[in-house]
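Heads up, the thing below is written out as structure tokens.
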Amino acid sequence: MRYEIDERRKLLRAIPEREEDLYFLYLLIDRGDVIRGWTVREVRPEGAKRGDRVKLYLGVRAESLEYHKFRGTLRVRGVVVEVSGDFEGVRGRWHTIEIAPGREVEIVKAGEWPLGAVLETLEVARVSLPRVLLVSVDDEEAAVAYITSLGLEIAQLIYNRARGGGGDRVLGAEYVSAIRQAVEELRRRRGPDRVIVAGPAMVAEYVARHVPGAAAVPQGSGGAAGVYEFIRSGAYERLKDALGLSAYERLIRTLATARELVAVGIDEVREAASSGRVETLLVLDEYLKESPESAWSVMLQVHRTGGRVRILREDSEAGAGLRAMGFMAALLRW
């Protein structure tokens, strides 16, 4: 997502580039914020029986939001408080602005939060979703890619110089060593949640055995083409669900065996966060919408003290359990 901030006007101007960016904006927009953007609305002059659909630049004071995960849209509904041009009968009426990838939107924050905190909020949302270091490999080429909810970056291409002619498909020791070194360097710099080796089954399994902590995922192709196969297959989406569920399952196990290392509910979590004890925070996405100031204040505190944040969707298995716990829970360092 591309964005810029005007501190004086308390304004965030953003262009979402991917569907995941809409989720971040959904988390960021609160009731009372003014959302500005281009939209189409029927304008009917006073006394006219019919109106015309006109493209307008409107400002709507947000009253409700609808985030559609599968349609890839975010709809903001509220009362029109600003309208470009001389159009009668528009201001004061209800309207819905639809935000989609590629459409610029302006958000004027209504609360007292400094916009520096808004920037930090975007960073918390970004890193709360899993970061994957993917090695897409076959007997000719390995593409090492860094994948997040904001997209992917192919960080390095490594070629198998040992592959001989005449159909020789042996993986050379130098090739495997170069892959391992690239992963170690990127793991140190980027701190991914998971390292995955994907490619034809035998190749992926062999390379994964030589990369500490890596898991093998069989697929049809390796190299740069295999990176996009991994994304298209939905493997990253499944990993997001698995990581959230994994953190939740670890919390449940710890709750049963070492209750003192778990904080449950908003009050317990807030107290633990204030003393820097939170290792991993789990927070329900809908709680961010119901009580944004309360939720984000805890999340920012955890982020600043080096803890990890997992935002769980309410419609997931882990999300339903987290709601029953009081919207928020945490694994503690001590």
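The values are calculated or read from the model by the stated rules, or taken from the named source; none is laboratory data. The model shown is predicted, which means the values in this text are computed figures rather than measured ones. As a convention, Cβ positions derive from the backbone with ideal geometry for all residues, glycine included, and neighbour counts pool all protein chains shown.
Things worth noting here:
- Scanning region 280-304 for residues that are over 18 Å from Met325 (Cα atoms) and either at pLDDT 90 or above or acidic (Asp, Glu) (or both) turns up just one, Glu293.
- On inspection, Arg310 does not qualify as closer than 28 Å to Glu63 by Cα, of a type in the set (Lys, Arg) and assigned to a helix (DSSP H, G or I).
- Boolean, Pro192 is modelled with pLDDT under 95, over 30 Å from Asp21 (Cα atoms) and under 27 Å from the mean Cα position of the chain (by Cα): no
- Residue match in region 210-232 (condition: over 26 Å from Val309 (Cα atoms), polar (S, T, N, Q) and in contact (Cβ under 8 Å) with a residue 12 or more places away in the chain): yes
- Residue match in region 224-234 (condition: more than 30 Å from Glu205 (Cβ to Cβ), part of a helix (DSSP H, G or I) and over 16 Å from the mean Cα position of the chain (by Cα)): no
- Residue match in region 141-163 (condition: charged (D, E, K, R) and at pLDDT below 75): yes
- Here the condition is being basic (Lys, Arg) and under 30 Å from Glu141 (Cβ atoms); of Arg194, Arg259, Arg253, it holds for Arg194 alone.
- Filter result for Thr280 (closer than 20 Å to Ile252 by Cβ and of a type in the set (Ser, Thr, Tyr)): yes
- Scope region 250-262; condition without any contact (Cβ under 8 Å) to a residue 40 or more places away in the chain and either of a type in the set (Val, Ile, Thr) or farther than 12 Å from Leu332 by Cα (or both); matching residues: Arg253, Ala256, Thr257
- Residues that are out of contact with any Asp or Glu (no Cβ under 7 Å at 6 or more places or on another chain) and either in contact (Cβ under 8 Å) with a residue 40 or more places away in the chain or buried (at least 23 other Cβ atoms within 10 Å of the Cβ) (or both), drawn from region 278-294: Val278, Glu279, Thr280, Leu281, Leu282, Val283, Tyr287, Leu288, Lys289, Glu293
- Only one entry of Lys49, Lys10, Lys55 meets the criterion of being modelled with pLDDT under 80 and basic (Lys, Arg), and that entry is Lys49.
- Matching entry among Glu314, Glu249 (being under 29 Å from Ile196 (Cα atoms), surrounded by fewer than 17 Cβ atoms within 10 Å (Cβ to Cβ) and touching a helix residue (DSSP H, G or I) at 6+ places or on another chain (Cβ under 7 Å)): Glu314
- Candidate set from region 13-24 (those that are touching a strand residue (DSSP E or B) at 6+ places or on another chain (Cβ under 6 Å) and surrounded by 20 or more Cβ atoms within 10 Å (Cβ to Cβ)); member that is modelled with the highest pLDDT: Ala14
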